[in-house]
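> Here's a structure for you.
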Amino acid sequence: MAQAIAEGTDLTTGKRAPPTAKDADDAIAALTKRFDEFTSQFGPAVQEWSRSARDTYADQTRAFQNAASEGYDAVRRTGRRQAENVSSQIEHNPFTSVLAAVAIGFTFGFIIGRL
């Protein structure tokens, strides 16, 4: 019975009385204390994990950028080399190049004319 009175229970209805401002303040204080304990316990670990994730992301981004840059440079060099080869072939064999261009033109014209 003493416990029921201490908890604010109405002895006639058995219902608990509505919380008071003091009850709310006590609950907030208890939650604040538990939150502070939680952050002091897990805060450093979360910060370390965050730092590690950020560093890993930065490293992976840098590696991807380097690989993309190297790939672009390789493709550009290959394209330039191929263009020089074609240009050289045209200069060395102009008659054959003109015949090849005419043959390709007739072939495309024939194909397009058939559509």
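Read the figures in this text as sums done on the coordinates, not as results from a lab. All of these numbers come straight from a predicted model, not from anything done at the bench.
> Counting only helical runs of four or more DSSP H residues, what would the 222 nm mean residue ellipticity of the chain come to if each run contributes -39,500 (n - 2.57) and the total is spread over all its residues? Walk me through the numbers on the way to the answer.
Values: 3 runs with 98 residues, N = 115.
Helices in the chain give a 222 nm mean residue ellipticity of -31000 deg cm²/dmol.
> For the stretch 100-115, take each phi angle, set θ = phi - 60°, evaluate the Karplus expression 6.51 cos²θ - 1.76 cosθ + 1.60, and give the result in whole Hz per residue in order, putting x for glycine and proline.
Running phi through 6.51 cos²θ - 1.76 cosθ + 1.60 with θ = phi - 60° gives 5, 5, 5, 4, 5, x, 4, 4, 5, x, 5, 5, 5, x, 7, 6 Hz.
> Could you tell me which label, among (i) 2, 12, 22, 25, 22, 12, 4, 1, 0; (ii) 2, 8, 6, 7, 6, 6, 6, 5, 5, 5, 4, 4, 4, 4, 4, 4, 4, 4, 4, 3, 3, 2, 1; (iii) 2, 9, 11, 10, 9, 10, 10, 9, 8, 7, 5, 4, 2, 2, 1, 1, 0, carries the value of P(r) over Cα pairs in 5 Å bins from 0, in percent calculated for this structure?
Answer by label: (ii).
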